[in-house]
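The block underneath contains the structure these notes are about, expressed in structure tokens.
No value in this document is a laboratory result; all are computed from the given coordinates. All values reported here derive from a predicted model rather than from experimental measurement. FYI the Cβ positions are ideal-geometry reconstructions off the backbone, even for glycines, and counts take in every protein chain you see.
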Amino acid sequence: MKRALLLSLAILASIVPGRASEPAADKITVYVGSYADVKANGIHQFTLDMTTGALSNAGGASGVANPSFVAVSPDHKYLYAIGEVGSFNGKKGGAVSSFAIDEKSGALTLLSQQTSGGDGPCFVTADRTGKVVLVANYGGGSVESLPVADGKLGEPGSFIQHKGSSVNKSRQGEPHAHSINVSPDNKFAFACDLGLDKILVYKLDPDKGTLTPNDPPAAEIPPGSGPRHFAFHPSGKFAYVCGEMTSTVHAMTYDAEKGVLKVVQTLSTLPNEVKGNSTAETQVHPSGKWVYVSNRGHDSVAVFKVDEATGHLTAVGHQSTGGKTPRNFGIDPSGKFLIAANQSSNNVVVFKIDEKTGMPTPTGTEVSVPKPVCVKFLAR
């Protein structure tokens, strides 16, 4: 009788409201942003088998032109996407869209749209409270903050136009904001501007949905580097940014109290000189042991080992991404798989990360996606 009662209690405990709608522990939803017509499924949805690394098609979403970069809200209920265009609703500037994520299937439903405020948005993220969405506009050289309520985007809380130039007049004659990221404590936002060779630092107010310049207002990156994508180390003590124009990765120390970054090391992302190469994505492994940077031209992911005492990097090796122009890649929250989006060869390739060396090796899984750009995971 006692055994039967315990069994019944165990069954009841497993039937928690909402539990049935969560994906199985051995599966995870993957979203891939791409260049596509507004009527096409520009956001592609897949299911990743966490045992084999296999990807299976699970649908997609339309309604946004060129949703090249996407982000998932911290509560996993919403997805945000840029519309990489020059005008929206008849006005100059790109678009930002929000989608509701179905709890059971991960399917997307368009909720709201707003202007990005500037031409050619290229990056979107949500703050750690889920109250604010932040956008970087490459063409316009600006950043914007958008308050969020129940996944719906409000009127912009801040719009900041960057000003200035740097040493390479053909690429850096004007600002080109390329990404915007939030500090681990959610107090600051960091905008990499390729045209200025700076990471501009802003104080973030989630309740007001605003950005204001920090003091000091920026971190200087070596001239001509063209800072592009940025990532914090899990410890919060270090950060890393890739130099798009010089095929470099810069290791930085971080003062969390003041919001100050300082470059302490610069390394090449290439094994040898590759004419025309440029870097794209920068990510830190969830364990904090490795940093990864994608090379477009060499078409590889460069792997670096992290000295967790100093934040300094040591080159480990390179892995071909199995295609051309790896614009972006994603590392799943467990750190087991890396998925590369090869924009010019229209394919997405899955790699398994060696837990001892950090090197990614092909799993044999490859799927076709027209002009893929960004890979994001729905972790529950």
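General observations
- Listed peptides 109-121, 188-200 by packing density, highest first (mean Cβ within 10 Å): 188-200, 109-121
- Under a model in which nothing but the beta-carbon of Lys, Arg (+1) and Asp, Glu (-1) is charged, segment 73-220 shows a dipole of about 200 debye around its Cα centre.
- Within a straight-line Cα-Cα reach of under 14 Å, Lys92 can be paired with the following aspartates and glutamates, leaving aside sequence neighbours fewer than 8 residues apart in one chain: Glu84, Asp119.
- For Phe88, distant residues with modelled amide H under 5 Å away: Gly93
- For segment 73-220: relative contact order, % (alpha-carbon pairs under 8 angstrom, 6 or more apart): 16
- Using θ = phi - 60° and Karplus 6.51 cos²θ - 1.76 cosθ + 1.60, couplings along segment 219-228 (whole Hz; Gly, Pro as x): 9, 8, 10, x, x, x, 5, x, x, 10
- Counting only lysines at least 8 places from Lys104 when in the same chain, those with an alpha carbon closer than 17 Å to its own are Lys27, Lys77.
- Angle between the chain longest axis and helix 2-14 axis [Cα atoms, degrees, rounded to 10]: 40
- Applying the Karplus relation 6.51 cos²θ - 1.76 cosθ + 1.60 with θ = phi - 60° to segment 327-336 yields 3J(HN,Hα) values of 5, 7, 8, x, 10, 5, x, 7, x, 7 Hz, where x marks Gly and Pro.
- Legend: ranking of residues Cys374, Cys242 from fewest to most surrounding C-beta atoms inside 10 Å; resulting order Cys374, Cys242.
- Neighbour-count order for Leu211, Leu134, fewest beta carbons within 10 angstrom listed first: Leu211, Leu134
- For Tyr80, Tyr240, Tyr35, order by how many other beta-carbon atoms lie within 10 Å, fewest first: Tyr35, Tyr240, Tyr80
- Restraint check, Lys237/Lys258; Lys91/Lys203; Lys289/Lys336; Lys237/Lys289, Cα-Cα greater than 20 Å: Lys91/Lys203
- For segment 307-315, putting each phi into the Karplus relation 6.51 cos²θ - 1.76 cosθ + 1.60 with θ = phi - 60° gives couplings of 7, 6, 8, 10, x, 5, 10, 10, 5 Hz, in residue order, rounded to whole numbers and with x for Gly and Pro.
- GNM on the chain, alpha-carbon springs under 10 angstrom: the most fluctuating residue among Lys237, Lys39, Lys275 is Lys275.
- Normalised by the number of residues in the chain, the mean separation of alpha-carbon contacts (under 8 Å, six or more apart) gives a relative contact order of 11 percent.
- Of all aspartates and glutamates in the structure, the ones whose alpha carbon falls short of 17 Å from that of Lys352, not counting any fewer than 8 places away in one chain, are Asp26, Asp49, Asp332, Glu366.
- The separation of segment 176-238 from segment 93-163, counted between C-alpha centres, amounts to 17 Å.
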